[in-house]
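Working notes, beginning with the structure itself.
Every number here is computed from the coordinates shown, using simple stated rules; none is lab data. Small disclaimer: the values here were computed from a predicted structure and weren't measured. Glycine also receives a Cβ, built like all others from the backbone with ideal geometry; neighbour counts cover every protein chain displayed.
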Amino acid sequence: MSPRDVQVRSRSDDFQLIDTLKRNRNKRFRSRRFVVEGVRPINLMHAGGWKVAAYVFAADREPSDWARDILSRSTADRHYMLSPELMAEISDKEDTSELLAIAETPERSLDSIPLGAPPLVVVADRPANPGNLGTLIRSCDALGADGLAVFGHAADIYDPRTVRASTGSLFRLPTVAVESPGTLQRWLNGLRDRHSGLQVFGSSAAGTSRVANCNWTTPIVLMVGSERAGLSRSLSELCDSIVAIPITGSASSLNVASAASILLYEASRQRSSSAAGARPRRDEAPSQNFS
């Protein structure tokens, strides 16, 4: 069935729906939909097989070859065709995007994260800033983590700022929201049963273990704390070791995404240099520039 074309020439209910998905977390949660903007994120969304409910574009703008190809292959329910003024309003780009997607959020749980051999999963404890969360997703994707669990009352994984900061890595890295401590504990217990030698590392400036002195070639769960409060006591108590990153200068701590990147790089370095640590990657995509 072809998508239904919907002309949007005013701030109608259709426009309000799109706008609310961008601004309102509860609306995203209830509808299980979110807005995707940008060529790379939309391309990776398609490559990952994510379902698209609708596309949004300016009715009077000649589409590029890229946009024309996307729309010609669309299986979305609707195509929202906005006036140029409304398209400029709904886009977060300085130069108005020619195409936005409304994607459907997948059903995911901790057990749905495909694990490497050995596993490497990151747990983020209540990250509050969507931009930091998106950057953390990007770092986990770039540095070989199997997945990311976002624990507690945290920034929304599907906030447009999170999606934008991830630069499309959200569509490659399994990312799961976990609110219940019991759910996290049961998952960890199951991992320990299935993966001998599993270590749970926490990250803190007050840690007693230096990052380079830890063995990162075993099965690992890495827990990183929030920007303001650090790793909570409840999660610290689940850790086998608390790891510190040596820093100098006037800074008292590192941004959560920066700290996780350093720790994941050390894990990647040790695993790549150890025959015992060799493991399949999620894919064979070329390395990406971190600029």
Set of lysines with alpha-carbon distance to residue 93 below 22 Å, sequence-local pairs under 8 removed = 22
Of the listed peptides 134-144, 87-97, what is their order by residue-averaged count of other C-beta atoms within 10 Å, with the highest listed first?
-> 134-144, 87-97
Between 273, 74, 109, which gets the highest mean-square fluctuation from a Gaussian network model of the chain, Cα cutoff 10 Å?
-> 273
Cα-centre dipole for the chain with unit charges at Cβ (Lys and Arg positive, Asp and Glu negative), debye to 20 | 600
Please give the FRET efficiency for residue 5 paired with residue 92, using the beta carbon to beta carbon distance and R0 = 35 Å, rounded to the nearest 0.05.
-> 0.90
Percent relative contact order of region 4-104, based on C-alpha pairs within less than 8 angstrom and at least six residues apart?
-> 43
On full extension of the chain, what length is gained from residue 244 through residue 265, given 0.36 nm per residue of separation minus the C-alpha to C-alpha distance?
-> 6.1 nm
Once normalised by the length of the chain, the mean sequence separation of its alpha carbon contacts under 8 Å that are 6 or more apart gives a contact order in percent of 18
What is the packing order of peptides 51-58, 39-46, taking the mean over residues of other C-beta atoms within 10 Å and listing the highest first?
-> 51-58, 39-46
Which FRET efficiency value, to the nearest 0.05, do you get for residue 273 and residue 74 by plugging their Cβ-Cβ distance into 1/(1 + (r/R0)^6) with R0 = 51 Å?
-> 0.65
For residue 255 and residue 206, what is the calculated FRET efficiency with R₀ set at 22 Å and r taken between the beta-carbons, to the nearest 0.05?
-> 0.80
